[in-house]
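Report on the following structure.
The values are calculated or read from the model by the stated rules, or taken from the named source; none is laboratory data. These numbers were taken from a predicted model, which means no experiment stands behind them. When we count neighbours, we look across all protein chains shown, and the Cβ atoms used for this are built from the backbone with ideal geometry, even at glycine.
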Amino acid sequence: MADFSKVEQIVQDIYAIKIQGATNIAKSAFQILFDELQRQKFTSCVEILEFMFPAMKMLEKARPTEPMMFNGMAYITDKLDHYKGSDVKALLKIAQDASQTYLDMITSTAKKAIQNGVGILKYGDSVLTHCHSSSAVKTIIANKAGGKDFLVYNTETRPLYQ
């Protein structure tokens with residue numbers, strides 16, 4: 001029987017906004033899936049699927065407004081749905097590879113977004129941000145580190161006024 005306790009902890013952390021920002025939420029979701037695929041002992045393909053699909057739904061429900069996470073879950077679902085065999089190791093590898101691939105994609109895309117944002121801001125510009133975006137914050141910091149002088153306005157979000 002699948003153990004969802006570690007997934008439930010991540011769900012609670014996302015729900016409580018201990019983990020925030022699309023990138024951080026998605027990374028946490030795919031990392032816990034990958035970790036649990038390695039930690040738990042699955043003896044059949046059915047057991048793997050009986051873990052993966054409910055775990056992905058639990059994570060999606062934690063923050064239903066995060067498209068990056070939803071897109072990654074769709075990616076993994078597609079990989080799992082296309083496997084028609086009965087080899088547990090093969091399906092486990094597909095699930096692990098899909099989780100890791102999407103996790104790597106998030107990391108590399110975030111780095112590229114920050115690199116592409118360096119140089120966009122000019123002296124005297126104003127930046128308006130809303131909510132928490134680790135990529136936006138890192139891009140602003142990178143521009144400031146490059147000697148740019150600009151203003152940042154950050155509006156509050158609710159319910160926790162982050």
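Of note:
- Sole residue being at pLDDT 95 or above, among the small types (G, A, S) and closer than 27 Å to F34 by Cα, chosen from A95, A136, A113: A95
- Residues within the range 45-91 that are closer than 23 Å to M105 by Cβ and either touching a strand residue (DSSP E or B) at 6+ places or on another chain (Cβ under 7 Å) or among the small types (G, A, S) (or both), tallied: 5
- Looking only at residues of the range 1-42 that are of a type in the set (S, T, Y) and modelled with pLDDT under 95, we find that the one that is nearest to the chain's Cα centre (by Cα) is T23.
- In the range 46-67, the residues that are surrounded by fewer than 21 Cβ atoms within 10 Å (Cβ to Cβ) and either among the aliphatic types (A, V, I, L, M) or over 13 Å from the mean Cα position of the chain (by Cα) (or both): V46, E47, L49, E50, F53, P54, K57, M58, K61
- Selection within the range 75-91 - under 20 Å from the mean Cα position of the chain (by Cα) and surrounded by 14 or more Cβ atoms within 10 Å (Cβ to Cβ): Y75, I76, T77, K79, L80
- Top-ranked residue of the range 113-162 - restricted to ones that are hydrophobic (A, V, I, L, M, F, W, C), surrounded by fewer than 11 Cβ atoms within 10 Å (Cβ to Cβ) and in contact (Cβ under 8 Å) with a residue 24 or more places away in the chain, ranked as farthest from A26 (Cα to Cα): L151
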